[in-house]
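Okay, structure first, notes after.
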Amino acid sequence: MLPAIVLSSHTMGLGVIRALGQMGVPSVVFYHEKRDMGYVSKYVQARYYVPHPERDQEGFIAALLEHGPRYAGCPMFPTSDAALSAVSRHIDDLKPYYKPGFTEWAITQLFLDKKCTYALAGQAGVPAPKTIVPHSADEAEHFAEQIEFPCLVKPCQSHLYYAVFKRKMVQVQTKEQMLRAYLEAAEAGLEVMLQEIIPGGDDCGANYNAYFWDGQPLVEFTAQKIRNGPPTFGSPRVVMSKVIPEIIEPGRKILQAMGFYGYACTEFKRDPRDGVYKLMEVNGRHNLSTLLAVKCGINFPWLHYQHLVYGTLPQASGFQTGVYWVDVLRDVGYSLKCFRQEHYSLSQYLRPYLRPHVSAVFSLRDPQPFVKRIRDWPWRKN
């Protein structure tokens, strides 16, 4: 089989590598962070350390083009927003060699730039948090009168903001805090939004996973977030497969409005004030908990690979519910660190480990990524 080209190899990349590996597809990994663990997986055929796609986009693309003749016809899967942004902008340069498992920039920018996402949601009638995009400090101060505190100062492009501040967003309590956060981002050349906070716990979050083609969902999978790390505004550390009918229609609407095709994970949060699921973001790449759908019977990376390589369109299928995806190290770490804040009972904490589950990194069949993550863990921030 043709190998899959996987760009970046942290948790998301490892999920794609293992999902394809169990189907007999080897991966060739281009990674730009030495602390990634996916590139040491037994399913990796070859690995290349390349320039960072944000700090040296030209060098990153040049490395992919250099290896293009060797891997001609191979499908390419970016598994980080930084890599996705770079290859999407250069899709025409890459197409002569690779089969792109991602959208062109005109579509990609609609979900990478959150202000575009929320504007499109408003046009498509998809519920979303109240969001304001200031273009100056004066506008930010003026808009502060129109939004309730506490609120979020949230980046328009999350991956760029995280690269600078090592956080996804800032919760602010006052106008002064909001202006300070706005000015910090502006000085870094980053655009931010002011957004209302949707109340509710981590378990109000939900994922709509879908493979889209010609404007229609071919395969759909839904899941409920259980625990985030850090709590409330962090990324998932425990997720459970569950049928959530309320997010299917808005999930379809936003992807159709974008003209999206391929695989996407669209995130929602249920607002306890009105019971409505509000759009959080669209991830137009394979997501953090990729292996959950695989465990439940839907192998999205394999479906994606078959479509790109063989032209086989994915077909709808059911999935097993009540299965957990657990990022063990992050779950244990945040549970110990935040136990006073979270107030989980012992049974709530242990339930994902006692029920059918899949680990984000740990695997007896493929142990090296977990060993590497343990080795690197003391220096990690997440």
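In the stretch 64-97, which residues are hydrophobic (A, V, I, L, M, F, W, C) and touching a strand residue (DSSP E or B) at 6+ places or on another chain (Cβ under 7 Å)?
Answer for the stretch 64-97, where residues must be hydrophobic (A, V, I, L, M, F, W, C) and touching a strand residue (DSSP E or B) at 6+ places or on another chain (Cβ under 7 Å): Leu64, Cys74, Met76, Phe77, Ala83, Leu84, Val87, Ile91, Leu94.
Looking only at helices (runs of 4 or more DSSP H) that lie completely in the stretch 293-350, which have at least 2 residues being assigned by TED's automatic domain parsing to the domain that holds Gly215 and crowded, with 21+ Cβ neighbours inside 10 Å?
Ranges flagged: 300-310, 328-337.
Could you list, in sequence order, all residues of the stretch 166-225 that are of a type in the set (Gly, Ala, Ser) and in contact (Cβ under 8 Å) with a residue 60 or more places away in the chain?
Of everything in the stretch 166-225, those that are of a type in the set (Gly, Ala, Ser) and in contact (Cβ under 8 Å) with a residue 60 or more places away in the chain turn out to be Gly200, Gly205, Ala206, Ala223.
Please go through the stretch 220-259 and pick out each residue that is of a type in the set (Lys, Arg) and in a loop (DSSP other than H, G, I, E, B).
Once the filter is applied, which keeps residues that are of a type in the set (Lys, Arg) and in a loop (DSSP other than H, G, I, E, B), the stretch 220-259 yields only Lys242.
Could you check the stretch 23-95 for helices (runs of 4 or more DSSP H) lying wholly inside it with 1 or more residues that are among the acidic types (Asp, Glu) and without any contact (Cβ under 8 Å) to a residue 40 or more places away in the chain?
Where helices (runs of 4 or more DSSP H) fall fully within the stretch 23-95 and carry at least 1 residues being among the acidic types (Asp, Glu) and without any contact (Cβ under 8 Å) to a residue 40 or more places away in the chain, they are 57-66, 91-94.
Pairs needed: first member in the stretch 348-368, closer than 16 Å to Met240 by Cα and of a type in the set (Ser, Thr, Tyr); second member anywhere, part of a helix (DSSP H, G or I) and modelled with pLDDT under 95; C-beta distance under 8 Å; at least 6 residues apart or different chains.
Tyr349/Ser335
If I filter the stretch 123-151 down to residues being in contact (Cβ under 8 Å) with a residue 60 or more places away in the chain and assigned to a strand (DSSP E or B), which single residue comes out as farthest from Ile248 (Cα to Cα)?
Ranking the qualifying residues of the stretch 123-151, first place goes to Ile132.
Would you point out the residue of the stretch 248-261, among those that are in contact (Cβ under 8 Å) with a residue 24 or more places away in the chain and surrounded by fewer than 22 Cβ atoms within 10 Å (Cβ to Cβ), that is farthest from Leu84 (Cα to Cα)?
Ile248
The values are calculated or read from the model by the stated rules, or taken from the named source; none is laboratory data. All of these numbers come straight from a predicted model, not from anything done at the bench. Don't worry about glycine lacking a Cβ; one is built from the backbone with ideal geometry, like all the others, and counts go over all protein chains shown.
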